[in-house]
Amino acid sequence: MKAAVLHKFGAVPRYEDFPEPMAGAGDVRIRVQAAALENFDRMAAQGDHYGSQGKFPRFPAIVGHSGAGALADGTLVTFGGSRPPYGTMAEIAVVPKEYAEYICRVPAGIAAGLAAALPAPALTSYLPLKWKAKLEPGQTVLILGATGVAGRLAVRIAALLGAARVVAAGRDASLLRSLPELGASAVVDLKLPDAEVADAIARECGGGYDVVLDFLWGHPAELFFRAVTPHDVGFAKGRTRYVQVGQAAGAVSSLPAAALRTSGLELSGAGGIPPGALPQALEQIWSWVQDGKLTMEIEKVPLSDVSEAWQRKTPGRRIVLVP
């Protein structure tokens, strides 16, 4: 079969022949129709992700960790999980029995490309907002990293969950201008001088941020901490549930002690969400898609062009590789 094959950490995957995976008892064989090229795939293949060694214990190996494809009876499903050296950017994938319960039937009317691309970034937003931060209707949300693929979906999902005010902060000025159409009440350009960014974050919060979803970390997080740290002695006026999701702007951020003592800031990571939350979350996401309330921009690229696609930037949209 043809597949996107990686020969070492840091290399660019190549379109090559690779032996088909064999399905054991309880495993599920899927004919792949689409596989999204996500940041995780690039980081894992670069060797920079904490899961890189587990994903690629040896080479050569096929890249890709999720996708959409057809079961033996033709049912379109989304899936993830594979046994090294196999991944999902190939003509055939085998889902190990331990991941078989996460195979999800795609509702009628949703194409394979969108089905492959949308669930992962949508869940990356929905689960932290709904389950970790427990966003309630009428609250105010700040999205740090709102011009990325997941960040744009987060703006829309926060609005769909009933947020009264969604402040979108990002680093791509042209994409920032499109975010009010998705539900943003205000935008903050993170490429402005630091003082202007901190002032804008503080100014746009209204009565205070109830929830912050952070895809960036690094320096933008430091500017937020500066913006919300009170200058007067007294008790915190509210709670800000800050959920850290990604580190697109840096792996390290400096957190002043005063920001925790006096701002009402409560920090947590995006993990720790119960597995039982996933079925309800997917059901809600598919419902929004079917109702035309949630979508994303994708660019379909033949799997044979994986080397070129791998090295290309596509701000605000996701490349989907099609075997």
TODO: Exactly one condition in (1) part of a loop (DSSP other than H, G, I, E, B); (2) under 24 Å from A248 (Cβ atoms); (3) within 23 Å of the chain's Cα centre (by Cα) is not met by F40; state its number.
DONE: (1)
Open item on the list: Could you list, ordered by first residue, the pairs with Cβ atoms under 6 Å in which the first is in the stretch 181-200 and at positive phi and the second is part of a strand (DSSP E or B), at least 6 apart or interchain?
Closed with: G183/V166
- [ ] May I ask you to verify whether F56 is touching a helix residue (DSSP H, G or I) at 6+ places or on another chain (Cβ under 9 Å), under 20 Å from W310 (Cβ atoms) and hydrophobic (A, V, I, L, M, F, W, C)?
- [x] yes
TODO: For the stretch 13-39, name all the residues that are over 17 Å from P96 (Cα atoms) and surrounded by 16 or more Cβ atoms within 10 Å (Cβ to Cβ).
DONE: P13, Y15, F18, Q33, A34, A35, A36, L37, E38, N39
Task: For V77: the one exception among (1) surrounded by fewer than 21 Cβ atoms within 10 Å (Cβ to Cβ); (2) in contact (Cβ under 8 Å) with a residue 24 or more places away in the chain; (3) more than 21 Å from the chain's Cα centre (by Cα) - done: (3)
TODO: Specify which of the listed residues (G113, G69, G109) is touching a Phe, Trp or Tyr at 6+ places or on another chain (Cβ under 9 Å) and touching a residue at least 40 places away in the same chain (Cβ under 8 Å).
DONE: G69
TODO: Please state which of the following conditions A45 fails to meet, knowing it meets all the rest: (1) open to solvent by less than 10 Å² (accessible area, probe 1.4 Å); (2) in a strand (DSSP E or B).
DONE: (2)
Open item on the list: assigned to a loop (DSSP other than H, G, I, E, B) and of a type outside the set (A, V, I, L, M, F, W, C): which single residue out of G26, G69 fits that description?
Closed with: G26
Open item on the list: Condition first: touching a residue at least 12 places away in the same chain (Cβ under 8 Å), closer than 29 Å to E91 by Cβ and part of a helix (DSSP H, G or I). Now tell me which residues in the stretch 284-323 satisfy that.
Closed with: I285, W286, V289, Q290, L303, S304, D305, V306, S307, A309, W310
- [ ] Provide a single number: the residues in the stretch 112-128 that are over 19 Å from A34 (Cβ atoms) and surrounded by fewer than 24 Cβ atoms within 10 Å (Cβ to Cβ).
- [x] 1
Task: Residue that is farthest from V12 (Cα to Cα), among those in the stretch 80-104 that are open to solvent by less than 10 Å² (accessible area, probe 1.4 Å) and assigned to a strand (DSSP E or B) - done: V95
TODO: Just need a number here: residues in the stretch 244-283 that are assigned to a helix (DSSP H, G or I) and either open to solvent by 70 Å² or more (accessible area, probe 1.4 Å) or without any contact (Cβ under 8 Å) to a residue 12 or more places away in the chain (or both).
DONE: 6
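The values are calculated or read from the model by the stated rules, or taken from the named source; none is laboratory data. Here the structure is a predicted model, which is why all the values come from computation and not from measurement. FYI the Cβ positions are ideal-geometry reconstructions off the backbone, even for glycines, and counts take in every protein chain you see. In case anyone asks, the SASA skips ligands and DNA or RNA and just uses the protein heavy atoms, side chains included. Shrake-Rupley method; radii C 1.70, N 1.55, O 1.52, S 1.80 Å.
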